[in-house]
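The values are calculated or read from the model by the stated rules, or taken from the named source; none is laboratory data. Quick caveat, the model's predicted, so the values are computed rather than measured. A quick note on method: Cβ atoms are made from the backbone with ideal geometry, for glycine too, and the neighbour counts reach across all protein chains shown.
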Amino acid sequence: MSLLTKRKEPTRTSGGPRARVEPRRRRKWLDRFGWYELLARGVRSSTRQVSGLFLGTSAAPTTYEGVLVGKEQHSGWPFFLDVFTAYEKKILSSPNVAVIGAIGTGKSSFLKTWAVLRQLFLGRRVVVIDKKNQRRGRAGQVAEGEYAALARALGIEPIRFAVGEATSTKINVLDPALASQHADSGASQMQLLRAILLEALGRPVAPLEGRALAVAREAAVAEASAQARVADIRDVVRHMEDPQEAALRTGGVPGWWTVNHLRQWGAEAGAELGRLVREDLKGLVDGPTSADVSLTAGLTVFDISALPDDGPAVPIVMAIISSWMRAVLDSQVQAVPTVSVVEEGWHLVSGSFAKVTQANTKTSRGKAWSGVFAFHHLSDVPADSAAISAIKEAGVVVMYRQDKLDDAQRVVELFNLPPATVQTLMTLPQGACLIKVGSQKPVLVTHLRSPWEAVLTDTDDAMTSTATVGLHRAA
Ligand SMILES: Nc1ncnc2c1ncn2[C@@H]1O[C@H](COP(=O)(O)OP(=O)(O)OP(=O)(O)O)[C@@H](O)[C@H]1O
Ligand SMILES: [Mg+2]
């Protein structure tokens, strides 16, 4: 490559201004030394090295349809993404989304804006299961989840669950509005009861235990309806621990079964279920559904941040919410695109939430339902788990920074990305992510927030606190 500078003036012959101008003969050998023009010597390089200059990166925008996510980092174009639009355009076949990233990389900010606020403005239904405690309650205040401020900014009160608290929301798993009584429905009462029993026993439900549970449920529902009330899980426990003759007359019971058989098969399961309802789930499922539980609003936030991290309450309540949502989607006349956000994606690995969600996600396309699940890293997700299939099958994968080499490598392997992506994943700054839509190449995106969104998504409150404490114990 040579840069043309100044051409040498041709020499004039003598004789004043009108004299003839004689061009000097250009000598080729002098050219080689840059005699006439500035000579820029070429540099030998490889295409791999030169690609670092990004000479031709003004690529076409990925799409101009959908919800704004942020800015494509290489080209500077705005980056839009909407699973429902992308599905319609056949860019992806699964409406589910997996968000993976280390602590504090920007996952929740992405979810609160792209999956919640920006969807609501399009008239979509959004359901959030909020597990993370944002700040400890100040004196006289109850601690609450990280979506509470966002919900209140939109005039919506989160639905809060807390074991043993009188103010806790209750959901009756036998509520006809929540789960269908028909076994063939994805959100059947039996499916939910089995999922809860699985959690209570800590092992798979044995076939005869399952039959005893089914008979107890039918007997409980029949008895409650004769008393003009809605049965709840306490009725099921009672019928398992103490089955009655009437139970033998429920559908599908073979003639040779006796009350003793039912008692024997359901004894252990009934005792464990009873203990669970009285202790771990106290106040959460033992009675009629609270009046504030409704999925008719655009945004519903289920605040489960007060539930204990260990124990069965979290997966069970998540399974119940998932079933409730499925029942609402089943009964809608015209499908309203619905986004459900679950930040605790690792609950998909096993347990009651995994079971219910697996059944529900199979039919998500038919219900216009997009499940959005967040994970910190993949090292705690077993390769053969339902969670890994959910991540692999997700139509959209949003990858934030990974701090450990193993985790970055696992992401690269799982999504078959070029090996150099490991380095990219480990150096992504806060708020930047790689987004893979369907089988398209991943795109490096900087997630953008409006000033209003930035305030609602800021989770650095505690870390930037300037509160102090005295050196000695307060008197
Ligand atoms: N796009 C962004 N631009 C600028 N700052 C951002 C962006 N996204 C997130 N942040 C900042 O980073 C902090 C952490 O973000 P966020 O809570 O979303 O992380 P996270 O990945 O959900 O963390 P955790 O794993 O702890 O839940 C927030 O306080 C937020 O202000
Ligand atoms: Mg978060």
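Could you tell me whether any residue of the range 356-378 is within 16 Å of ligand 2 (Cβ to nearest atom) and part of a helix (DSSP H, G or I)? Checked the range 356-378: no residue is within 16 Å of ligand 2 (Cβ to nearest atom) and part of a helix (DSSP H, G or I). Among residues of the range 69-96 that are of a type in the set (S, T, Y), those with a Cβ under 8 angstrom from a residue that is part of a loop (DSSP other than H, G, I, E, B) and surrounded by 22 or more Cβ atoms within 10 Å (Cβ to Cβ), sequence gap 6+ or separate chain, pair up as Y87/P95; S94/A394. For the range 106-120, residues that are within 11 Å of ligand 2 (Cβ to nearest atom) and in contact with a strand residue (DSSP E or B) (Cβ under 8 Å, 6 or more places away or on another chain) total 6.
Taking the range 418-454 as the range and being farther than 20 Å from G70 by Cβ and in a loop (DSSP other than H, G, I, E, B) as the test, the residues that pass are P418, P419, A420, S439.
Is it the case that G431 is small (G, A, S) and crowded, with 20+ Cβ neighbours inside 10 Å? Explain how you work it out, then say what you get.
Working: small (G, A, S): yes; crowded, with 20+ Cβ neighbours inside 10 Å: no.
Against the criterion (small (G, A, S) and crowded, with 20+ Cβ neighbours inside 10 Å), G431 does not qualify.
Taken as a whole, the range 104-126 holds no residue that is within 12 Å of ligand 1 (Cβ to nearest atom), part of a strand (DSSP E or B) and modelled with pLDDT of 90 or more.
For G283, indicate whether it is assigned by TED's automatic domain parsing to the domain that holds A153 and closer than 20 Å to D130 by Cβ. Answer is no for this residue. In the range 191-211, of all residues being charged (D, E, K, R) and in contact with a helix residue (DSSP H, G or I) (Cβ under 6 Å, 6 or more places away or on another chain), the one that is modelled with the lowest pLDDT corresponds to E199.
If you take the residues in the range 158-190 that are modelled with pLDDT of 85 or more and touching a helix residue (DSSP H, G or I) at 6+ places or on another chain (Cβ under 7 Å), which one is farthest from I129 (Cα to Cα)? Result: M190. Of all the criteria given as (1) within 19 Å of F80 (Cα to Cα); (2) touching a strand residue (DSSP E or B) at 6+ places or on another chain (Cβ under 9 Å), the one not satisfied by S439 is (2).
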